[in-house]
């Protein structure tokens, strides 16, 4: 078990601490506070030296007999001592539950989808109070922000998600907050939440090895719908319009045409750059010839959707 705390900068007399300071870690059976702690009953777990005014971490070793059986509460304390052996007393307690841990996570792997990152693992038997704790860390963020980040909500550097496994374990979950075109690292850990003396505590299983995914956006927008074609006889043109696509990363549209009269194949008529509005005027038409039109959508990563259903129209002679 990992204990984390912040080392003080000064002594109780407000004298600035110099150099590494000794810390003694101990634990006691039961949920205890520092005011009620009997130091003689606190089992020593180890000592260490830590720099003042810095975060500190200590790996606590639990006796084997506490790793099985009925859940019970354990209290950890940290006590700092100066060179003269004086101490200001134990820290506030860190309460944990001990007992049989849930199964370790195996076969962790990731898959990018249009809606986020899917985290897969090998399922295990569900148990009341069990959750899958997914810890996501941002490894590399692209230079250009994604549309969801342009509104002032950049991807979080770290985030922990929990999936309820109390009634079923589907072996996977979708992380919708994992933006595409980012490099993410995940670890997974089953955690059993138990009630001890009226407090909800957690027994954590073995965490998985970290896995990384370069969640590239290779997913095209939806196919445009509602395409219509209307003749503008005065302008000697055919006007097209369609339902706007609501994709956040939409770049625009591509318009295609086929000459039905001559039986020619499809060609792109909207130019090299995507069309931004959901409309297009085709002035390059000849009277008496029938034309078919279709439209596709393109996102900022260059992913293009399939073409829409075709509509036909002709300019009267």
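Suppose the filter is closer than 12 Å to residue 299 by Cβ, touching a helix residue (DSSP H, G or I) at 6+ places or on another chain (Cβ under 9 Å) and either surrounded by 12 or more Cβ atoms within 10 Å (Cβ to Cβ) or assigned by TED's automatic domain parsing to the domain that holds residue 294 (or both); does residue 222 pass it? Reasoning before the result, please.
Working: closer than 12 Å to residue 299 by Cβ: yes; touching a helix residue (DSSP H, G or I) at 6+ places or on another chain (Cβ under 9 Å): no; either surrounded by 12 or more Cβ atoms within 10 Å (Cβ to Cβ) or assigned by TED's automatic domain parsing to the domain that holds residue 294 (or both): yes.
In short, no.
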* Condition met for residue 176 (modelled with pLDDT of 95 or more and either in contact with a helix residue (DSSP H, G or I) (Cβ under 8 Å, 6 or more places away or on another chain) or closer than 14 Å to residue 119 by Cα (or both)) -> no
Filtering region 12-28 for residues that are within 35 Å of the chain's Cα centre (by Cα) and without any contact (Cβ under 8 Å) to a residue 12 or more places away in the chain leaves a count of 0
Over region 170-203, the set of residues outside any strand (DSSP E or B) and within 18 Å of residue 111 (Cα to Cα) is 170, 171, 176, 177, 178, 179, 180, 181
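Being touching a helix residue (DSSP H, G or I) at 6+ places or on another chain (Cβ under 9 Å) and assigned by TED's automatic domain parsing to the domain that holds residue 289: is that true of residue 240 here?
no
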Would you confirm whether or not region 143-154 contains a residue that is crowded, with 19+ Cβ neighbours inside 10 Å, at pLDDT below 90, over 26 Å from residue 192 (Cα atoms) and not assigned by TED's automatic domain parsing to the domain that holds residue 303? yes
Residue hits (region 291-305; closer than 16 Å to residue 246 by Cα and touching a strand residue (DSSP E or B) at 6+ places or on another chain (Cβ under 7 Å)) are 295, 296, 297, 298, 299, 300, 304, 305
Per the filter on region 260-270, residues more than 19 Å from residue 241 (Cα to Cα) and either within 33 Å of the chain's Cα centre (by Cα) or surrounded by 14 or more Cβ atoms within 10 Å (Cβ to Cβ) (or both) are 260
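Name the single residue that is modelled with the lowest pLDDT among those in region 157-170 being touching a strand residue (DSSP E or B) at 6+ places or on another chain (Cβ under 7 Å) and loosely packed, with under 14 Cβ neighbours inside 10 Å. Let's see the steps before the verdict.
Of all residues in region 157-170, those touching a strand residue (DSSP E or B) at 6+ places or on another chain (Cβ under 7 Å) come to 157-166.
The next check asks that each one be loosely packed, with under 14 Cβ neighbours inside 10 Å; those that pass are 157-158, 160, 162, 164, 166.
Details: 157: 87, 158: 91, 160: 95, 162: 97, 164: 97, 166: 96.
If we take residues in region 157-170 being touching a strand residue (DSSP E or B) at 6+ places or on another chain (Cβ under 7 Å) and loosely packed, with under 14 Cβ neighbours inside 10 Å, then 157 is modelled with the lowest pLDDT.
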Here the residues within region 271-290 that are closer than 16 Å to residue 243 by Cβ and surrounded by 11 or more Cβ atoms within 10 Å (Cβ to Cβ) are 275, 278, 279, 280
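The values are calculated or read from the model by the stated rules, or taken from the named source; none is laboratory data. Here the structure is a predicted model, which is why all the values come from computation and not from measurement. In this analysis, Cβ positions are derived from the backbone assuming ideal geometry, glycine residues included, and neighbour counts consider all displayed protein chains.
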